[in-house]
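Shown next, in structure tokens, is the structure this report addresses.
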Amino acid sequence: MDLTPYVDNLRHELAIAADAGGEEARALAERLTAPLESAARLTLLNALSAAMSEVTLELAPGSVDVRLRGLDPEFVVTPPPAPEPPQEAQAPLAAPAAAALPPAAGEDDGSMARINFRLPAHLKSRAESAAAAEGLSVNAWLVRAVSTALDGRERTHQPGRGKDSGSRGFTGWVR
């Protein structure tokens, strides 16, 4: 996205406003336009970044990232994964009470929840690097990481070995 027309428009509007103040104001406006260009670009980038953060919240686990190429921002859209087609299985008719049940594991009802997540600074920088390497926002990368971790845990969980199972397990080396 080329920000030059927006910065030029701001410069033009400043010149029009300065014309009303006379020659001294016009000269001052001309001296201020060069240093204001970088501030205007930075402000526009901040606004675009904030807007794309809001869009990402609506797209999660998809995302929209703003990347800077030279002086101009570039938008990178990562769409959410396509839903898997339903498997055709002969299920018995559900009782009316079943409609009130939460979605089963692996199903997504489409709703989103927001959490505050505290992460040590060294892990945050590693997560940001990993997300950037994959072209994802940190939020989208974390959603995928949590999903992968939970899906993997469900596959590798052994009955009777969990903390809440009441059984006692032993770990260590044996000779």
Q: Just read off the accessible area of Val146 with the full protein assembly in place, 1.4 Å probe, to the nearest 10 Å².
A: 80 Å²
Q. Got a sec? What order do Arg144, Arg31 fall in by accessible area at 1.4 Å, biggest, i.e. largest, first?
A. Arg31, Arg144
Q: Calculate, for region 1-67, the solvent-accessible area per residue in square angstrom, rolling a 1.4 angstrom probe over the heavy atoms of the protein chains.
A: 64 Å²
Q: For region 1-88, give the percent of accessible area contributed by carbon and sulfur heavy atoms, probe 1.4 Å, rounded to a whole number.
A: 61 percent
Q.
Order Leu45, Leu10 by their accessible area, 1.4 angstrom probe, all chains in place, largest first.
A. Leu10, Leu45
Q. Check Ala60: other-chain or 5+ apart residues with amide H under 5 Å from its amide H, H built from backbone geometry?
A. none
**Q.** Area of Asp151 that stays accessible when all protein chains are in place (1.4 Å probe, Å², to 10)
**A.** 70 Å²
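The values are calculated or read from the model by the stated rules, or taken from the named source; none is laboratory data. Note that the coordinates shown come from a computational prediction; the quantities given were computed from them, not determined experimentally. Heads up: the accessible areas ignore ligands, DNA and RNA and are worked out on the full protein's heavy atoms, side chains in. Shrake-Rupley method; radii C 1.70, N 1.55, O 1.52, S 1.80 Å.
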